[in-house]
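> Before I ask anything, let me first share the structure, which is written out below as structure tokens.
A short reminder: the numbers here are calculations on the coordinates, not readings from a lab. None of these values were measured; they are calculated from a predicted model. Cβ atoms come from the backbone with ideal geometry, glycine included; neighbour counts cover every protein chain shown.
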């Protein structure tokens with residue numbers, strides 16, 4: 001993994017994004033003929049993978065992955081270590097671009113637009129697809145400046161105080177820190193730091209939030225708060241979460257994708273069906289603990 005992969009996506013941008021809101025990655029809709037009808041029919045799909053293969057040098061990490069992630073839902077990615085679920089997550093906002101040996105083949109679409117097209121700006125993409133990582137990683141700045149950072153470097157308009165408060169409220173942190181916004185984010189507890197990182201990710205108003213095991217480093221109480229928050233965030237965002245905790249996936253997700261050895265997506269369906277009546281014996285064996 002690149003050393004940059006343990007930061008939120010705002011740190012990958014390196015400066016102010018000159019694009020305006022009207023110049024976002026997904027800025028136009030097809031409005032005529034068959035393409036219009038097709039767009040309307042698939043309007044509820046936020047992210048779609050079509051035959052995605054990923055290689056790190058000669059090592060194949062994902063093998064022919066195809067799935068459709070619905071808008072406004074929580075989609076969980078589960079599977080044993082090294083099965084490719086985090087690799088797939090990082091494909092969605094092109095974080096794998098930061099790995100020199102990585103090569104992505106196939107199509108990965110955000111609202112119908114292939115994010116790997118030559119005309120796609122990764123900076124603009126990461127504005128729409130935020131990311132939260134396993135270890136809380138607040139900047140060595142005040143709580144306020146942590147949340148405001150992304151909006152400042154991207155030159156986003158609006159009342160900064162209002163936007164910071166809104167993001168902290170959405171991250172279920174405002175009531176705990178509203179009287180200490182000048183306090184360092186590093187002084188917060190681990191669970192509070194993770195919620196601060198979530199506030200920082202949503203402050204730039206993304207459409208998708210990617211979470212790579214966001215509660216694995218937290219205690220049970222902090223984990224419960226993160227899980228409650230994820231369910232609330234799905235009211236406003238599309239959430240995709242990687243987790244090793246199958247009980248967590250069962251509790252909070254609407255859809256579950258099961259990746260197994262060799263980077264293969266073996267099954268993708270409603271979470272209840274995956275856990276109660278999977279179609280594949282390999283998935284049942286994994287869920288019941290026979291391997292993995």
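> Percent of Cα-Cα pairs per 10 Å bin, from 0 to the last occupied bin, for region 88-158, please list those.
Calculated over all Cα pairs of region 88-158, the distribution is 16, 42, 31, 11, 0 percent.
> At 1.306 mPa s and 10 °C, plugging the Kirkwood radius over alpha-carbon pairs of region 176-240 into Stokes-Einstein gives what diffusion coefficient in µm²/s?
126 µm²/s
> According to a simple spin-label model (label point 7 Å from Cα along Cα-to-Cβ), what is the distance in nm between residue 189 and residue 160?
3.0 nm
> Separate question: Convert 37 °C to kelvin, take the viscosity as 0.692 mPa s, use the Kirkwood radius over C-alpha pairs of region 201-292 as Rh, and evaluate the Stokes-Einstein diffusion coefficient in µm²/s, rounded to a whole number.
230 µm²/s
> Still on this structure: Taking the Cα of residue 251, stepping 7 Å toward and past its beta carbon, and measuring to each backbone N in region 163-179: which are under 19 Å?
171-173
> Given contacts defined as C-alpha pairs under 8 Å and at least six residues apart, what's the relative contact order of region 185-292, whole-number percent?
Over region 185-292, the number comes to 18 percent.
> Short version: what are the Cα gyration tensor semi-axes of region 46-88, square root of 5 times each eigenvalue, largest first, in whole Å?
Largest first, region 46-88 gives 21, 13, 7 Å.
> Between residue 120 and residue 63, what is the FRET efficiency for a Förster distance of 25 Å, r being their Cβ-Cβ separation, to the nearest 0.05?
Between residue 120 and residue 63 the formula returns 0.55.
> So if each residue of separation counts as 0.36 nm, and I subtract the Cα-Cα distance between residue 152 and residue 71, what length gain in nm does that give?
Length gained, residue 152 through residue 71: 26.4 nm.
> Quick one: Debye curve from the alpha-carbon atoms of region 39-287 only, equal weights, vacuum; give me log10 I(q)/I(0) at q = 0.09, 0.11, 0.12 Å⁻¹ to two decimals.
Debye output, listed in q order: -0.39, -0.58, -0.69.
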